[in-house]
Amino acid sequence: MAISGSGNVAQYAAQKVIELGGKVVSLSDSGGTIYMPKGMTSEQWSYLMDLKTVRRGRIEEMAKEFGTQFLAGQRPWGLECDIAMPCATQNELNVDDARTLIKNGCICVAEGANMPSTLAAIDLFQDSGILYAPGKASNAGGVAVSGLEMTQNAMRLLWTDGEVDAKLHSIMQGIHAACVNYGKENDRVNYVKGANTAGFVKVADAMLAQGIV
């Protein structure tokens, strides 16, 4: 899995991938990309957390510490991967990057940022038939956890990490189910259509419930 960025979303996306038995081959910041073809280890993840959240260092330092390749000034989309997760900035993944990912065998793009793929890249992902999860669905976890935090504060509760993770898992399953429900197209699911339609339906239902319409 190729992950762009090294902030909170990228950090915890990498942790979850490792926990589930996946292999993280890249992380990046504005200086470039670290390439770990054998996969990121738990030790490297702990180092990353200290580097970025405590020392505010650069990802190149991690490459030097562990003797891994550093691609200066490059994003990770030229690397071979099964899954790509753009978790950094808006419009960081363009149509040329999309072509390269597809050519290199990428089968899934799941966004972990707000609109990280350009419209042309999204069109190419959908035309190619690979799995593409738009940020409004796959990046909804951060907002969901904020809601869980507000619930805890309002109810004077303190949930464990495991309890929060379980609730988030259930929320994300619901988002996926909504995308599938509204995004079915013959033998495939259009997650863009599904996420958009589900969002519109939720707003419309809320307006009706409030008597606005």
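Can you work out which of the residues in the stretch 143-166 that are of a type outside the set (A, V, I, L, M) and within 18 Å of the chain's Cα centre (by Cα) is surrounded by the fewest Cβ atoms within 10 Å (Cβ to Cβ)? That would be 146.
Scoring residue 78 on the criteria (1) under 19 Å from the mean Cα position of the chain (by Cα); (2) closer than 30 Å to residue 164 by Cβ leaves a single failure, condition (2). Taken over the stretch 173-197, the criterion of being touching a residue at least 24 places away in the same chain (Cβ under 8 Å) and under 18 Å from residue 126 (Cβ atoms) is satisfied by 176, 179, 188, 190, 191, 192, 194, 195, 196.
Can we say residue 120 is farther than 16 Å from residue 23 by Cα, in contact with a Gly (Cβ under 7 Å, 6 or more places away or on another chain) and of a type in the set (A, V, I, L, M)? The answer is no for residue 120.
Considering only strands (runs of 3 or more DSSP E) fully contained in the stretch 23-101, which possess at least 2 residues that are surrounded by 20 or more Cβ atoms within 10 Å (Cβ to Cβ), aliphatic (A, V, I, L, M) and in the same structural domain as residue 120 (by TED's automatic domain parsing)?
Answer list for the stretch 23-101: 83-86.
I'd like to know if the stretch 117-125 contains one or more residues that are part of a loop (DSSP other than H, G, I, E, B) and of a type outside the set (S, T, N, Q). No, every residue in the stretch 117-125 fails to be part of a loop (DSSP other than H, G, I, E, B) and of a type outside the set (S, T, N, Q). Based on this model, can you work out whether residue 111 counts as over 22 Å from residue 16 (Cα atoms), touching a Pro at 6+ places or on another chain (Cβ under 8 Å), assigned by TED's automatic domain parsing to the domain that holds residue 11 and surrounded by 14 or more Cβ atoms within 10 Å (Cβ to Cβ)? No; evaluated as a whole, the condition is false for this residue.
Residue by residue, here is whether (1) modelled with pLDDT of 95 or more; (2) hydrophobic (A, V, I, L, M, F, W, C) holds:
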| position | (1), (2) |
| --- | --- |
| 6 | no, no |
| 44 | yes, no |
| 50 | yes, no |
| 54 | yes, yes |
| 66 | yes, yes |
| 76 | yes, no |
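Among the residues that make up the stretch 1-12, is at least one of them touching a helix residue (DSSP H, G or I) at 6+ places or on another chain (Cβ under 6 Å), among the β-branched types (Val, Ile, Thr) and touching a residue at least 60 places away in the same chain (Cβ under 8 Å)? So far as the stretch 1-12 goes, yes, one or more of its residues are touching a helix residue (DSSP H, G or I) at 6+ places or on another chain (Cβ under 6 Å), among the β-branched types (Val, Ile, Thr) and touching a residue at least 60 places away in the same chain (Cβ under 8 Å).
Checking each residue in the stretch 57-88 for being over 27 Å from residue 115 (Cβ atoms) and of a type in the set (Gly, Ala, Ser) picks out 57, 63, 67.
The values are calculated or read from the model by the stated rules, or taken from the named source; none is laboratory data. Remember, predicted model here, so these are calculated numbers, not experimental data. Note that we place each Cβ from the backbone using ideal geometry, even for glycine, and neighbour counts take in every protein chain shown.
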